[in-house]
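The values are calculated or read from the model by the stated rules, or taken from the named source; none is laboratory data. Values in this document were obtained by computation on a predicted structure and should not be read as measured data. Neighbour counts are summed over all protein chains in view; Cβ atoms, including those assigned to glycine, are modelled from backbone coordinates with ideal geometry.
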2 protein chains.
Amino acid sequence: MEINKELTAASSTPIVLAILAEGDSYGYAILQRVRELSGGSLQWTDGMLYPVLHRLERLEHVEARWEVSESGRRRKYYRITPRGRAHLAEERRQWQTVDATLRGLWRASPRVPAGHPAPAALLPEGA
Amino acid sequence: MEINKELTAASSTPIVLAILAEGDSYGYAILQRVRELSGGSLQWTDGMLYPVLHRLERLEHVEARWEVSESGRRRKYYRITPRGRAHLAEERRQWQTVDATLRGLWRASPRVPAGHPAPAALLPEGA
DNA sequence: TTGACATACCTAGCGCTGCTATGCATACTG
DNA sequence: CAGTATGCATAGCAGCGCTAGGTATGTCAA
């Protein structure tokens with residue numbers, strides 16, 4: 001399943017912050033974690049993730065530090081800041097507000113089987 | 001509550017299509033409907049909505065027609081097309097995929113009280 | 001040694017999006 | 001006649017992910 005650009009943009013920041021709220025991590029690992037968490041549905045590219053991390057660092061929502069693993073690879077670890085946690089909470093409220101609105105609309109339409117168009121007229125056309 | 005730009009971008013198309021799936025409508029009425037559905041939390045501007053409607057028309061997800069109300073005002077009514085319904089179903093699946101991922105992450109973090117920072121270290125730093 | 005592959009990070013340029021500001025027009029109300 | 005609500009439209013700006021490219025190193029097998 002591919003996720004469109006706007007939805008990716010809207011979810012990337014809260015997902016990254018939520019992952020870092022679980023514990024410090026680094027770019028490559030975050031990519032794998034997202035894939036794992038979504039059951040493979042979300043497949044981010046590194047070219048999309050790194051700018052997100054840099055922006056979060058610029059906004060002081062995360063802090064970065066370099067480390068070297070036992071294998072000898074250098075990794076840039078990120079840690080969420082208090083400001084980042086507050087921002088995550090705000091993002092969460094916003095998401096849930098929009099989600100509630102969408103659920104309200106979807107509740108109205110019983111089912112959308114998703115391959116073929118729904119029956120043409122559920123409501124009277126009456127302008 | 002203000003909703004950030006990316007989240008607005010991600011939700012505008014499915015919300016508009018879902019509203020039109022309930023029945024034909026026009027710009028000004030859609031703005032009021034969104035405000036009502038969200039309990040006032042979502043406050044779209046017309047300068048944001050009209051380009052969305054024009055894009056949907058260009059993509060043939062909706063069809064437009066001019067009408068004149070009893071009061072004498074001209075209105076541009078939009079109707080969702082079969083293609084639009086299929087697209088709405090796809091948007092819905094995508095939204096729910098991302099929502100499930102976020103819920104999984106939020107489930108992990110018990111509570112984010114949202115005004116003040118969470119306790120500094122929930123996990124060992126080990127790395 | 002060589003090659004392939006996974007790991008690990010970074011960035012320039014493009015197109016698309018909403019936002020702000022602005023404009024136009026009409027019906028209703030005082 | 002002025003103010004407000006209704007109703008549609010667009011130009012210019014900033015911000016975003018995406019594509020495509022780059023650099024570098026560890027592991028493993030041929």
Out of (1) among the small types (Gly, Ala, Ser); (2) more than 14 Å from DNA strand D (Cβ to nearest atom); (3) under 23 Å from residue A:2 (Cβ atoms), the odd one out for residue A:64 is which? (3)
Those residues of the stretch B:39-59 that are more than 10 Å from every other protein chain (Cβ to nearest Cβ) and farther than 21 Å from residue B:81 by Cα come to a total of 7
Tell me, please, whether a residue that is closer than 30 Å to residue A:18 by Cβ, in contact with a Ser or Thr (Cβ under 9 Å, 6 or more places away or on another chain) and aliphatic (A, V, I, L, M) can be found in the stretch B:89-99. yes
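Scan the stretch B:54-77 residue by residue and report those that are within 17 Å of residue B:25 (Cα to Cα), within 10 Å of DNA strand C (Cβ to nearest atom), among the hydrophobic types (A, V, I, L, M, F, W, C) and at pLDDT 90 or above. Steps first, answer last, please.
Going residue by residue through the stretch B:54-77, those that are within 17 Å of residue B:25 (Cα to Cα) are B:54-57, B:60-77.
Right, trim to within 10 Å of DNA strand C (Cβ to nearest atom) and you get B:54-56, B:68-74.
Narrowing the set further to residues that are among the hydrophobic types (A, V, I, L, M, F, W, C) leaves B:56, B:68.
The answer is B:56, and nothing else.
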Total residues in the stretch A:25-43, condition away from DNA strand C (no atom under 11 Å from the Cβ) and either within 18 Å of residue A:98 (Cβ to Cβ) or not in a helix (DSSP H, G or I) (or both): 6
When the residues of the stretch A:67-88 are filtered to those that are loosely packed, with under 15 Cβ neighbours inside 10 Å and hydroxyl-bearing (Ser, Thr, Tyr), which remaining residue is nearest to DNA strand D (Cβ to nearest atom)? A:71
Where a residue in the stretch B:50-74 is among the hydroxyl-bearing types (Ser, Thr, Tyr) and its partner, wherever it lies, is within 9 Å of DNA strand D (Cβ to nearest atom), with Cβ under 7 Å and at least six apart: B:50/B:27; B:69/B:75
Can you name every residue in the stretch B:8-38 that is over 14 Å from the mean Cα position of the chain (by Cα) and either at the interface with chain A (Cβ under 7 Å from one of its Cβ atoms) or more than 25 Å from residue B:68 (Cα to Cα) (or both)? B:22, B:23, B:24
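Count, please, the residues in the stretch B:59-104 that happen to be in a helix (DSSP H, G or I) and of a type in the set (D, E, K, R). So that I can check it myself, show each step before the final result.
From the stretch B:59-104, those in a helix (DSSP H, G or I) are B:82-104; that's our starting set.
Still in the running and of a type in the set (D, E, K, R): B:83, B:85, B:90-93, B:99, B:103.
Residues in the stretch B:59-104 being in a helix (DSSP H, G or I) and of a type in the set (D, E, K, R): 8 in total.
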